[in-house]
1. Checking His60 against (1) assigned to a loop (DSSP other than H, G, I, E, B); (2) without any contact (Cβ under 8 Å) to a residue 60 or more places away in the chain; (3) within 28 Å of the chain's Cα centre (by Cα), only one condition comes out false. Which one?
2. Taking the stretch 551-577 as the search range and keeping residues that are of a type in the set (A, V, I, L, M) and over 41 Å from the mean Cα position of the chain (by Cα), which one is nearest to Met599 (Cα to Cα)?
3. Could you please let me know if Ala102 is assigned to a helix (DSSP H, G or I) and small (Gly, Ala, Ser)?
4. For residues that are over 18 Å from Ala80 (Cβ atoms) and surrounded by fewer than 16 Cβ atoms within 10 Å (Cβ to Cβ), tally how many sit in the stretch 461-482.
5. Find the residue count for the stretch 302-319, including only residues that are of a type in the set (Asp, Glu) and without any contact (Cβ under 8 Å) to a residue 12 or more places away in the chain.
6. In the stretch 276-293, how many are surrounded by fewer than 18 Cβ atoms within 10 Å (Cβ to Cβ) and in contact with a strand residue (DSSP E or B) (Cβ under 8 Å, 6 or more places away or on another chain)?
7. Residues to consider are Phe322, Phe333; find the one that is in contact (Cβ under 8 Å) with a residue 40 or more places away in the chain, aromatic (Phe, Trp, Tyr) and part of a loop (DSSP other than H, G, I, E, B).
8. When you check Asp591 against the structure, is it out of contact with any strand residue (DSSP E or B) (no Cβ under 9 Å at 6 or more places or on another chain), among the acidic types (Asp, Glu), surrounded by fewer than 16 Cβ atoms within 10 Å (Cβ to Cβ) and modelled with pLDDT of 80 or more, yes or no?
Amino acid sequence: MPQDSKALQQKWNARIKYARTHWATFHKRVKHNRNTVSGFNWNADPTGKDFYSLRANLIHGTISAVLPNVYARNPEISIAPAHSGADIKLFCNTLEKVTNRALEHAQLKNRAKSTVRAALTCSFGILKVMYQRDIDEDAYIQGRINDQQENRLAIRDLKQDLEDGSQKKHREEKEIELEEQLLGIYEQSEVWSAEGIVIDRVLTENLLIDPSVCEFWDYTDADWMCQVIPMKRAQAEALYKKNLANAKIYQVGQSEPSHKKAKRLASMQLEAGPVADDQQIAVLEIWDRTTQRVYTMVEGATEWLREPYSPSRAGERWYPFFLLPYQVVDGQFVGPSLVDLTERLQDEHNEARDRFNQHRDLCIPGWVASADINEKTIKKHYDSRFGEITIVDTEGKPLNQVIIPRGHPKIDPIVYDTSAVRYDWEQVTGLQDASRSTVVRPKTATEANILQRALSGRVFEFKDQIEDWLQEIAQYSAQVLLQELTKEQVERYMGAPITKTTMVDGKLTISKEKTYDWPELSKERIFDMVDLRIRAGTTGAPDGIEEKEGWLKVLPMVTSLSIQIQNLQARGMDYEHIRSLLRETLLRYDDRIDSNLFMPNVAKQADGFVDLPHEISMHRLWEMNADKQSKHQHLKEETVDDTRSEKL
């Protein structure tokens, strides 16, 4: 290895070590939050009640209630020309459909919902967006598109094992495994190398960010980021074609005490020495914005896993990592998560409920008897059956002086009331009774509407952050697709050109209409051409009843305006004022609806047989209709005359 390269690697080792120390406390808190949400006590007996110690897991229930309100479906992407004078409507339509389909194939919904859940639990979640081409040239992609490249890696790994002298005792089984792997490739129907957008979810603690970044939204300007990739040694060796026997074993619990580590390793029966094939190592993928280079190394090794490179077709932003925060605090990178805000409230609620149940257990019915009564009499009273008359020998004393019901401490409901906790919970989370699917106090329709508006206002900030985050992902994906896809690939998305028959000046003309437009432009021109937006409010769960009632109210007005436009079009009169009124009405109702969908097309209505171009004037349309009617009437008269002649 050159001396300069070795010095650079030592420099990055020092940076990674410092970043691990800097973020160690936060990463420990992340793991604690996950355990709090799950509620499992893995040190307890799985068959006992202590294995799931929480009486009421309010945090998990709150996350489940927030998630569908902020993200329940893929966003609606709208692409328009960045400049009003640009005539690229077909291109915008093409890019919009291609981007939507690419993100859908990349399973954006599943990845994004997991990231939203991570933000609620761990303060922020992370997605990584890459374009898959060749497994040897791409940055690391965990959720790769299914193709034969993974099988090629497995074959490469088996061949390396056969050439390794230390694997002689396993040679026979390796040869059999290699033969089966080759047969599987021949029989499988997967393509050899698939392409497309791939979205990976990165765990919060597996992304080390330059510690010099102070505020969260400055992460895009960080000098560097490092993705920690736990990977089996055999997989890493096959991928990077290096011998990694001296790499460090990747330990998930880095912050645990040493005696716990020793106990866990002893239970796994691991021997000191080289890393086994199935043991995990930590691959470090370092993205350096200062030098625009990507470095790949492994902890414990003394060389690069692959030569440093620069991504050739990246988006306008340098990093492929997209971070989503739950809440942002001024001057700090880490903000409180939903778990941080509600953990003590959940503990207080469960503690009150546990003590109430303990108090209730004290209220067991029983009897208190006088010491003068012998044991047989008490036992007889104890063993008496339901409805049986029990005789007690009181030796001449009144019965109420010999045996009486046992008293118990009275329960004061105010002591165990959790309404204060519930009030604090609503103030912190913004979720009211109706949103949690429980109604503590009956509410009128007006009160429920006010609560729903309060929910919308409180959750709107997080929902707005999600939409901005999705917009960045869609913008980046569109930029990458514009650089990667060829016209042939786009045609598979959009379909081949359509053959169209038109009538111009009485002549029948056959032409091909383009279904897509995909220009070949420079990188700078691509970034400035289009304006991509996420339609607001398209990610949350739809309110079916409210939307249906609203649509039934606005439908008569839309129908009336559409008929007026149709009549004015047929007369050749100006209808722009009605069109503007229709557009404004639909915009006030729902900004996601395109008013052009409700505009009648007189040109298509005038001729039911041939699609006419919009350039034909209204006068020409009336003339063609008049000609058709006259010809039809003339043929009808000729048919009548022929019939009369035959009869005569």
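The values are calculated or read from the model by the stated rules, or taken from the named source; none is laboratory data. Computed from a prediction, not measured in an experiment: that's the story for all the values here. Cβ placement follows ideal geometry from the backbone for every residue including glycine, while neighbour counts extend to all protein chains displayed.
1. (1)
2. Filtering first and then ranking leaves Ile565.
3. Values: assigned to a helix (DSSP H, G or I): yes; small (Gly, Ala, Ser): yes.
Spelling it out, Ala102 is indeed assigned to a helix (DSSP H, G or I) and small (Gly, Ala, Ser).
4. Number of matching residues: 2.
5. At the first step, the residues of the stretch 302-319 found to be of a type in the set (Asp, Glu) are 303, 307, 316.
Right, trim to without any contact (Cβ under 8 Å) to a residue 12 or more places away in the chain and you get 307.
The number of residues fulfilling the criteria is 1.
6. 6
7. None of the other options fit; the residue is Phe333.
8. Values: out of contact with any strand residue (DSSP E or B) (no Cβ under 9 Å at 6 or more places or on another chain): yes; among the acidic types (Asp, Glu): yes; surrounded by fewer than 16 Cβ atoms within 10 Å (Cβ to Cβ): yes; modelled with pLDDT of 80 or more: no.
When the stated conditions are applied, Asp591 does not pass them.
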